[in-house]
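What follows is a single structure, and I will ask about it in a moment.
The values are calculated or read from the model by the stated rules, or taken from the named source; none is laboratory data. What you see is a predicted model, and the numbers here were worked out from it, not measured in a lab. So basically every Cβ, Gly included, is an ideal-geometry build from the backbone, and we count neighbours across all protein chains shown.
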Amino acid sequence: MPVTGQAEPLGAEAFSMLLAAEQTVYQAWSEAIIWMASIALAFAVGFYLIGKIRGAFRQSDREAGILLDNFRDLHSRGELSDEEYRTIKSKLASQLREQWKADDVRRSEGAEQGRRGV
């Protein structure tokens, strides 16, 4: 067969092999994109949930601080006696300490479960 510089047309078998290879590559890329999107979504949901949980803990601390500020203002204006203010302050402080201890226990239990793979 003389060389003329022109490519010979593909046969039916070669064309079907080329088409199958192209479809395999397309399918592999499609699966990879779906997996990457799924992982990104899982990370986004995880970060959102962690933010909500941490925000709830911070909110309760802020509320206690706001209450204490309000009672401090009442005390400075003379609407609360020294004894009343000390009682309220000590009760709020003990409630905050109990809440912090409970939060620490929950965090340590969660970390322990994470280490055990539960």
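Quick one: count up the residues across the stretch 77-106 that are loosely packed, with under 12 Cβ neighbours inside 10 Å and of a type in the set (D, E, K, R).
Adding up the residues that qualify gives 9.
To continue, here is another question. Whether any residue in the stretch 14-32 is of a type in the set (V, I, T) and either at pLDDT 75 or above or part of a helix (DSSP H, G or I) (or both) is what I want to check.
Yes, there is a match, as at least one residue in the stretch 14-32 is of a type in the set (V, I, T) and either at pLDDT 75 or above or part of a helix (DSSP H, G or I) (or both).
May I ask you to list the residues in the stretch 81-97 that are over 17 Å from G65 (Cβ atoms) and either among the aliphatic types (A, V, I, L, M) or not in a helix (DSSP H, G or I) (or both)?
Step one: list which residues in the stretch 81-97 are over 17 Å from G65 (Cβ atoms), which gives 81-84, 86-87.
Matches in the stretch 81-97: S81 only.
Name the pairs whose Cβ atoms lie under 6 Å apart, with the first residue in the stretch 36-56 and closer than 26 Å to R106 by Cβ, the second among the β-branched types (V, I, T), and 6 or more positions between them or separate chains?
Nothing qualifies.
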